[in-house]
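Working notes for the structure below.
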Amino acid sequence: MRVIGLTGGIGSGKSWVAEVIREEMHWEVIYTDDVAREQMKKGGASYFAVVKEFGEEILSTDGEIDRGKLAKIVFEDKTRLMKLNSLTHPLVRTYVLNEIARFRKENKEAVLIETALLIEAGYQEFCDEVWYVHAPESERRERLKKSRGYSDEKVDTLFVKQRNEKEFFDIATKVIENPDETTPADIIGQIIGR
């Protein structure tokens, strides 16, 4: 079974590419952001540690972690972000490794791990290949403004905090180009070498 890490900068369209691969190639896909989100829900694997570290002021009225409040804290303090990552990344990684083992037992053809923090979480250690979804920065910027309503200032802040393109290109075994107007057929063609 092939284990492929799929990564890319914010706004590159990596989740869409992963979805195309899941639908068109019928591969298993693990979305690490979704796993982390589930684990931070009330009673989830990382919930209590995160609340203990950041305090009850991050909770909404229903007792769930308010991701906006938490994001505001960690975005303004790199040390706090590193602490949050130390509480969540190992648990997500364990989940991913358990899923890979399960898919292997089920004789699946491939599993794709869609993650923004592939390098930071050390996923390249167990991935057979690393695929980088690339889109021009200007298009990524417009996507984020249109789909998420981000200001130019917010996009600038996000881009500064992410790895630069060279780092992604250096680790990638395959680059998937995803400019605007890319179709599912274009993505599949790049994967199978058409």
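Quick look at the values:
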read-out	value
Calculated FRET efficiency for the pair residue 183/residue 109, C-beta based, R₀ 22 Å, to 0.05	0.45
Carbon + sulfur, % of accessible area of the stretch 1-129 - ligands and nucleic acids excluded, 1.4 Å	50
Neighbour cut-off at most 12 other Cβ (10 Å), DSSP loop, GluC sites (Glu not before Pro), the stretch 1-86	76
Helix-only CD estimate at 222 nm, as mean residue ellipticity for the chain, using -39500 (n - 2.57) per DSSP H run (n ≥ 4)	-16500 deg cm²/dmol
Among (1) 55, 32, 31; (2) 53, 44, 29; (3) 43, 31, 30, the entry that matches Cα extents along the principal axes in Å as calculated here	(2)
3J(HN,Hα) from dihedral phi, the stretch 58-71, Karplus parametrisation 6.51/-1.76/1.60, rounded to Hz, x for glycine, proline	8, 8, 8, 5, 8, x, 7, 5, 7, 4, x, 5, 5, 4
Per residue solvent-accessible surface (Å²) - the chain, probe of 1.4 Å	55
Amide proton proximity set for residue 28, modelled H, under 5 Å, gap of 5+	110, 112
Sparsely packed chymotrypsin sites (Phe, Trp or Tyr not before Pro) within the stretch 24-126, loop by DSSP, other Cβ within 10 Å at most 13	126
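The values are calculated or read from the model by the stated rules, or taken from the named source; none is laboratory data. What you see is a predicted model; the values in this text were computed from it and never measured. Every residue, glycine as well, gets a Cβ built from its backbone with ideal geometry; the counts of neighbours run over all protein chains shown. Accessible surface areas use protein heavy atoms only, side chains included; no ligands, DNA or RNA. Shrake-Rupley method; radii C 1.70, N 1.55, O 1.52, S 1.80 Å.
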